[in-house]
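See structure below.
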Amino acid sequence: MSTITESLLVGLIGDGITASLTPPMHEREAAACGLHYLYRPVDLAVNGRSAADVGDLLRYGRDLGFNAFNITHPCKQLVLEHLDEVSEDAARLGAVNTVLIQDGRFIGHNTDYSGFATALAQGLPDAALDAVVQLGAGGAGAAVAYALLKAGTRELTLIDLDPERTRERAAALAALFPDAVVRPGSREDLAPALSSADGFVQATPVGMHSHPGLPLDPELLRPETWVADVIYRPVRTQLVDAAEARGCRVLDGGHMAVGQAVDAFRLISGVEPDAARMRAHFLELVNSGR
Ligand SMILES: NC(=O)C1=CN([C@@H]2O[C@H](COP(=O)(O)OP(=O)(O)OC[C@H]3O[C@@H](n4cnc5c(N)ncnc54)[C@H](O)[C@@H]3O)[C@@H](O)[C@H]2O)C=CC1
Ligand SMILES: O=C1C[C@@](O)(C(=O)O)C[C@@H](O)[C@@H]1O
């Protein structure tokens, strides 16, 4: 037996997340830190719930003694209206992936953007960020683009298959970062934009086990352009391999997956996790086929 202050009970609310690696990442790190910490997937698909139930699930969780939740697709925006307080960055970004429950209040944060920012700073130290081309303007793309602009990107070319989404996301980001140029583009803009870009970020599902392939012709990548992928299943995507073969510096998607977990773990537990240990455990999980 333990009370809400003696142990930590955490959940991940989202659709189809039962096999997520985030729960084992948190639990293993907590064990290494000597914490009593349980982290359960709360899968909408398994429970016959819809995304609109996220507020009810949060309130049930609070009543049942949960300390925090991670929130994922398709609830990261929907959850906002149920929160008592939202961090400045999560409010600006318009998405929350971590909810702390403190004194019965719900407090939202976004560790997708901060996790990517740390991953980029540590994984590609000294990378020039002035001009970046990004493919994909969905949920992950929004967080990554926000992180880039906050870290100093002056010129971001955003390209998504959905032109309306591209325009809307580019306009929203341009309003948040008035000193930067956020240019909505189409696939025809890839080659000219990459001819002078410092970096290329791939934030589409292309490259996942379920969507194998390359999101662009790797010949378009100059060796001096760094490349970041958000896909982490597999960690070594075809893009990561092709970019390395071209001589580019590369950040695989596992860095963002670990980065969001590191930042959420710190917020939830108040304990500083060992990021290198979490990355090693993450790779162990991926390599064992989890
Ligand atoms: N490393 C990490 O921590 C995280 C990784 N992810 C991964 O990021 C990927 C994207 O996830 P979400 O953004 O949530 O999905 P989403 O469905 O919200 O957005 C994906 C976007 O990519 C666009 N797209 C698809 N194919 C494209 C192509 N060939 N060229 C240009 N645009 C294209 C779609 O139109 C859509 O707007 C997923 O594979 C997910 O697993 C997501 C969250 C965190
Ligand atoms: O979107 C993601 C991915 C995730 O849902 C996972 O399953 O690892 C965990 C969330 O915290 C994060 O925001």
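The values are calculated or read from the model by the stated rules, or taken from the named source; none is laboratory data. Predicted, not measured: the structure shown is a model, and the values here were computed from it. Here Cβ is always computed from backbone atoms with ideal geometry, including for glycine, and neighbour counts include all displayed protein chains. These accessible areas exclude ligands, DNA and RNA; they are computed on the full protein's heavy atoms, side chains included. Shrake-Rupley method; radii C 1.70, N 1.55, O 1.52, S 1.80 Å.
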Notebook entry, point to check: To the nearest 10 Å², what's Lys150's accessible area with a 1.4 Å probe?
Noted result: 100 Å²
Notebook entry, point to check: For the chain, what number results from the quotient of the Cα radius of gyration and 2.2 N^0.38 Å?
Noted result: 0.99
Notebook entry, point to check: Where only protein heavy atoms count, and the probe is 1.4 Å, what is the accessible area per residue for the chain in Å²?
Noted result: 45 Å²
Notebook entry, point to check: With all protein chains present, how much of the accessible area of the chain (probe radius 1.4 Å) comes from carbon and sulfur, to the nearest whole percent?
Noted result: 51 percent
Check: Arg59 to Ala32: extension gain in nm, 0.36 nm per residue of separation minus the Cα-Cα distance?
Finding: 6.7 nm
Checklist line | Gain on full stretching of the segment that runs from Ala19 to Ala245 - 0.36 nm per residue minus C-alpha separation | finding: 78.2 nm
Note to self: Please report, ordered by residue number, every helix of the chain (full DSSP H runs) that is 15 Å or longer along its axis going by C-alpha atoms and whose mean Kyte-Doolittle hydropathy reaches -0.5.
What the structure shows: 111-123, 139-150, 163-176, 254-269, 275-287
Next item on the list: Tell me what the chain gives for mean residue ellipticity at 222 nm when only DSSP H runs of n ≥ 4 count, each as -39,500 (n - 2.57), the sum divided by the residue total, rounded to 500 deg cm²/dmol.
Entry: -11500 deg cm²/dmol
Margin query: Testing the spin-label approximation: label points 7 Å from Cα along Cα→Cβ at Ser50 and Arg167. State their distance in nm.
Written below: 2.9 nm
Item checked: Cα-Cα separations in the range 128-248 greater than 18 Å, expressed as whole percent -> 46 percent
Next item on the list: Could you grab the relative contact order for the range 121-234? Cα pairs under 8 Å, six or more apart, rounded to a whole percent.
Entry: 28 percent
Check: Quick one: ranking Met208, Met25 by accessible area, 1.4 Å probe, largest first, what do you get?
Finding: Met208, Met25
Margin query: Using the Cα centre of the chain as the reference point, and only Cβ charges (+1 on K/R, -1 on D/E), how large is the resulting charge dipole? Debye, rounded to the nearest 20.
Written below: 320 debye
Notebook entry, point to check: What is the spin-label model distance, in nm, from Ile4 to Glu284 if the labels are put 7 Å beyond Cα along the C-beta direction?
Noted result: 3.3 nm
Check: In whole Å, what is the distance between the alpha-carbon centres of the range 1-58 and the range 245-269?
Finding: 20 Å
